[in-house]
């Protein structure tokens with residue numbers, strides 16, 4: 001039952017990402033044409049790229065939860081899925097750097113350096129998640145190794 005609830009939350013999260021992508025598309029399509037500078041175009045492209053990576057992460061989390069429901073968490077397949085999640089997180093971190101020129105432009109126009117600080121925090125948040133996922137991946141590798149050692153000795 002607990003895995004089912006978590007799967008439903010991941011599905012709702014993916015639905016939210018799809019709705020955000022739809023809203024971004026409507027905003028871009030209905031705005032005045034030819035009013036975008038290069039920072040805005042880069043930001044929109046990076047937001048779409050981040051959106052696609054978030055949908056990929058959601059699908060991989062769903063597969064990982066399916067393996068958890070089948071009691072196959074400590075397997076090489078779950079480790080491969082977890083490494084794919086880490087790769088997608090790294091791509092999101094790199095894509096978020098594409099948002100920083102727009103934050104710089106907004107901070108420069110409004111003469112408030114706090115906006116640039118906010119952009120830096122937005123970059124550091126996924127980086128912290130990536131470091132945590134790297135640690136968890138290493139722990140999963142050790143757990144799989146110990147499980148295999150335990151299976152061989154019995």
Is it the case that the stretch 43-53 has a residue that's under 30 Å from residue 144 (Cβ atoms) and either assigned to a helix (DSSP H, G or I) or in contact (Cβ under 8 Å) with a residue 40 or more places away in the chain (or both)?
-> yes
Selected residue (only one of 95, 107, 69 is surrounded by 13 or more Cβ atoms within 10 Å (Cβ to Cβ), in contact with a helix residue (DSSP H, G or I) (Cβ under 8 Å, 6 or more places away or on another chain) and in contact (Cβ under 8 Å) with a residue 60 or more places away in the chain) = 69
Counting just the residues of the stretch 21-40 that are within 27 Å of the chain's Cα centre (by Cα) and not in a helix (DSSP H, G or I), which one comes out surrounded by the fewest Cβ atoms within 10 Å (Cβ to Cβ)?
-> 37
Out of (1) over 16 Å from residue 102 (Cα atoms); (2) assigned to a helix (DSSP H, G or I); (3) without any contact (Cβ under 8 Å) to a residue 60 or more places away in the chain, the one residue 3 does not meet is (3)
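None of the figures in this text is laboratory data; all of them are computed from the coordinates on show. Since this is a predicted model, take the numbers as computed values, not measurements. A quick note on method: Cβ atoms are made from the backbone with ideal geometry, for glycine too, and the neighbour counts reach across all protein chains shown.
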